[in-house]
Amino acid sequence: MDQLVVALDVDRLDQALQLADVLRGAVGGVKVGNRLFTAEGPRAVTALVERGDRVFLDLKFHDIPHTVAGAVAAATRLGVWMINVHAGGGRDMMRAAKHAACETAATLDRPTPLVIGVTVLTSLDETALRETGVDKTLLSQVEALAGLAHEAGLDGVVASPHEIATIRSACGERFAIVTPGIRLPDEKPAGDDQSRTITPSEALRAGATAIVVGRPIIAAPDPRRAAERIVSEMRAGLEMRA
C-alpha cells in the first residue's frame, strides 16, 4: 500500500537493504533517518533509490535559509521522493527549501521531491512543549506551524494523527499530512518514546496522507507479515472513511 512508509532505523546499510528487499511490494516507501544516514551517509539513499524504492529522507533540516536550500538541493540530487525541514525554521527557510527542490529537479529533468514541514515532534506532550518556551497549546502550535508551511508553499507537514482534522481544516484536502507515532492496538514496543500515538485505521480515517511505521515492523520476527497486518488495518480504516 502506497500510504505505508517504513522507517529503516538500523545501523548498517546491509540491514536496511535486507529489510527493503523483504518489504518491497508490501509498502509504499522507506524512510532514511538520522540513525542510518549518520552511519552510512548518502550511499544508503542511493542504494535504495537504485533498487526502485521511494525514499523519504527524514533529516529534519533546520538552519539558515541558504544552508537548508543547499541541503535540499543535495538531497534532490540523490533522487529522494520526499524531504522534511523543521517548520520552526520560518517562512523564508521553507520557501528556500521548496525553491531549491524545484530548481534542482528541473535541472536534472526529474520529478520534484515533496518538501514537508515538521510541526511538533510526536514525542512531545503539552508539558514538554512548555519547557521549550512555547506558551501556546500543543494543538495551537501545530496549527500555526502547519499554516506557515502552507503559506511558504510546502507540500505538507509531519504531524501527530491527533492534529490531522485541525490541519485539514486550515490547509485543505490537497495538503499532505504524514503521520508518525503509529501503533497497532495491542502493541507498545519496549523503549517506546512516542507520546501521541494512534492506530493505522484511526490515522487514515482522520485523513492522514501517509503513515510512517518503524519498530512495530522492523523489530518484528517477520517484518513483512507485520507490514501486511498494518496494511490490513489501513484498508479497514479507508473502508470506514468511505
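The values are calculated or read from the model by the stated rules, or taken from the named source; none is laboratory data. Note that the coordinates shown come from a computational prediction; the quantities given were computed from them, not determined experimentally. Here the Cβ positions follow ideal geometry from the backbone for every residue, glycine too, while neighbour counts run over all protein chains shown.
Scanning segment 44-71 for residues that are closer than 11 Å to Ala96 by Cα and of a type in the set (A, V, I, L, M) yields Ile64, Val68, Ala69, Ala71.
A single entry from Val45, Val22, Val32, Val27 fulfils the requirement of being among the hydrophobic types (A, V, I, L, M, F, W, C), at pLDDT 95 or above and touching a Lys or Arg at 6+ places or on another chain (Cβ under 7 Å): Val22. Restricted to segment 133-242, the set of helices (runs of 4 or more DSSP H) holding at least 2 residues that are at pLDDT 90 or above, touching a helix residue (DSSP H, G or I) at 6+ places or on another chain (Cβ under 6 Å) and more than 30 Å from Gln18 (Cα to Cα) comprises 138-151, 164-171. Picking from residues in segment 34-69 that are buried (at least 16 other Cβ atoms within 10 Å of the Cβ) and among the small types (Gly, Ala, Ser), the one that is farthest from Val158 (Cα to Cα) is Ala47. Would you be able to say whether some residue in segment 21-29 is under 22 Å from Arg77 (Cβ atoms) and out of contact with any helix residue (DSSP H, G or I) (no Cβ under 7 Å at 6 or more places or on another chain)? Scanning segment 21-29 turns up at least one residue that is under 22 Å from Arg77 (Cβ atoms) and out of contact with any helix residue (DSSP H, G or I) (no Cβ under 7 Å at 6 or more places or on another chain). Taken across segment 133-146, residues that are within 16 Å of the chain's Cα centre (by Cα) and either touching a residue at least 40 places away in the same chain (Cβ under 8 Å) or surrounded by fewer than 14 Cβ atoms within 10 Å (Cβ to Cβ) (or both) do occur, with at least one present.
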